Structures are given as structure tokens and as C-alpha cells.
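Undergrad: After the C-alpha cells below, expect a handful of questions from me.
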Amino acid sequence: MSEMNAIDTRLKELGIELPETPAPMANYVPFVQTGQLLFLSGQGPRYGANQFHKGKVGKDVSAEEAYKHARLVGIQLLAAARSALNGDLTRVKRVVKLLGFVNGTPEFDKQPQVINGCSDLLVEVFGERGRHARSALGAGSLPNNITVEIEAILEIA
């Protein structure tokens with residue numbers, strides 16, 4: 001089985017169908033490649049054409065729900081990477097870094113557990129190549145009141 005089929009098979013095993021990458025919502029591009037690095041713009045927890053999970057984590061949304069939202073953002077990041085790499089996720093040599101923001105209450109302090117939703121997904125898909133450096137930060141607000149936003153840096157072949 002080729003590596004490409006192995007990744008496609010793994011996504012199917014996980015019940016994941018990658019969506020199309022939406023057009024940017026402002027003056028930026030969804031990804032930039034420089035050398036062997038692919039920078040993916042921040043993504044939110046999109047579950048429909050223009051539908052996002054919204055609210056303050058720790059008030060409107062539980063940490064467990066926000067974990068699922070971060071996993072959904074991981075799917076969006078995979079979709080953006082697939083688009084950038086002309087459909088070939090086997091070109092991902094390593095997930096280098098994630099930067100995750102959680103739209104939480106001032107008292108909310110479980111940002112790492114929330115962003116684990118994305119981190120866990122990337123390890124499930126890529127194995128050891130999915131392990132990465134990471135920052136998980138609280139935000140006073142996020143665009144359109146989304147619950148989480150995550151960006152990624154990937155090393156590619």
C-alpha cells in the first residue's frame with residue numbers, strides 16, 4: 001500500500017472526510033510555502049459552509065466541547081494542507097508547530113487540554129510525524145466569537 005493510500009485509509013478509519021478549503025475572510029492567504037516549510041493560516045471550528053462553533057469556553061462551552069472544536073479545526077488544517085500540496089498529504093514530513101487560541105473566560109485555565117483536540121488528531125493521522133511543538137493561549141475574544149483558532153507550521157517534502 002502506498003503511503004498516500006495509507007493516509008487516505010487512516011482518514012477513512014477515523015471517519016474523517018476533509019472539506020474544501022474556504023476562501024479567506026479578510027486580506028490574507030490560506031497558506032504560504034517558503035522552502036520546506038508550509039505555514040497554514042489560523043482556522044476556526046467550521047462545521048458548515050459559513051457555520052462556526054461560537055461562545056466563551058468556561059461559560060457557554062465546556063472544555064470537553066471545546067476539545068471537539070479544536071479537533072474540528074485540525075480537520076480544517078488538514079484540508080488546507082491538502083489544498084496547498086495538490087492533494088498529497090504524504091508530502092508532510094513533520095508537523096513542526098501549532099499555535100492555538102482559546103476564547104475563554106478570564107478564569108479559564110485549561111487551554112492546553114482544549115488544544116489537545118487538534119494535537120491528538122494530528123498524531124492519530126501522522127503518527128510520530130504528527131508530534132509537534134505548541135503554544136496554547138487564552139484570548140479575550142476571537143473573530144466572530146469562535147471558540148478556538150489554530151494555525152500550523154508543517155515541514156514538507
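All of the numbers you see were taken from the coordinates with simple rules; none came from a lab. This is a predicted model, so every value here is computed, not measured. Heads up, the Cβs are rebuilt from the backbone with ideal geometry, glycines too, and the neighbour counts pull from every protein chain shown.
Undergrad: Condition test on ASN86, is it assigned to a loop (DSSP other than H, G, I, E, B) and at positive phi?
TA: yes
Undergrad: Consider GLU107 carefully, then state whether it is of a type in the set (Asp, Glu) and touching a Lys or Arg at 6+ places or on another chain (Cβ under 8 Å).
TA: no
Undergrad: Answer yes or no: is there a residue in segment 44-66 that is in a strand (DSSP E or B) and under 14 Å from the mean Cα position of the chain (by Cα).
TA: The answer is yes, given that some residue of segment 44-66 is in a strand (DSSP E or B) and under 14 Å from the mean Cα position of the chain (by Cα).
Undergrad: For GLY44, indicate whether it is of a type outside the set (Asp, Glu) and crowded, with 20+ Cβ neighbours inside 10 Å. Spell out the reasoning first.
TA: Numbers: of a type outside the set (Asp, Glu): yes; crowded, with 20+ Cβ neighbours inside 10 Å: yes.
Spelling it out, GLY44 is indeed of a type outside the set (Asp, Glu) and crowded, with 20+ Cβ neighbours inside 10 Å.
Undergrad: Quick one: would you say LEU98 is out of contact with any strand residue (DSSP E or B) (no Cβ under 8 Å at 6 or more places or on another chain) and surrounded by 19 or more Cβ atoms within 10 Å (Cβ to Cβ)?
TA: No.
Undergrad: Among the residues of segment 1-23, count how many are loosely packed, with under 12 Cβ neighbours inside 10 Å and closer than 13 Å to LEU77 by Cα.
TA: 2
Undergrad: Now, a different point. Output the residue which, of all residues in segment 47-81 that are among the basic types (Lys, Arg) and in contact with a helix residue (DSSP H, G or I) (Cβ under 9 Å, 6 or more places away or on another chain), is surrounded by the most Cβ atoms within 10 Å (Cβ to Cβ).
TA: ARG71
Undergrad: Something else: Residues of segment 66-94 being in contact (Cβ under 8 Å) with a residue 60 or more places away in the chain and farther than 16 Å from THR21 by Cα, which ones?
TA: Passing the criteria: ALA66, HIS69, ALA70, THR90, ARG91, VAL92, LYS93, ARG94.
Undergrad: Here is a follow-up. For the structure I just gave you, tell me whether GLY117 is in contact with a Lys or Arg (Cβ under 7 Å, 6 or more places away or on another chain), under 23 Å from GLY15 (Cα atoms), touching a residue at least 40 places away in the same chain (Cβ under 8 Å) and surrounded by 20 or more Cβ atoms within 10 Å (Cβ to Cβ).
TA: Answer is yes for this residue.
Undergrad: Given the criteria exposed (fewer than 12 other Cβ atoms within 10 Å of the Cβ) and among the polar types (S, T, N, Q), does GLN36 qualify?
TA: Working: exposed (fewer than 12 other Cβ atoms within 10 Å of the Cβ): no; among the polar types (S, T, N, Q): yes.
Against the criterion (exposed (fewer than 12 other Cβ atoms within 10 Å of the Cβ) and among the polar types (S, T, N, Q)), GLN36 does not qualify.
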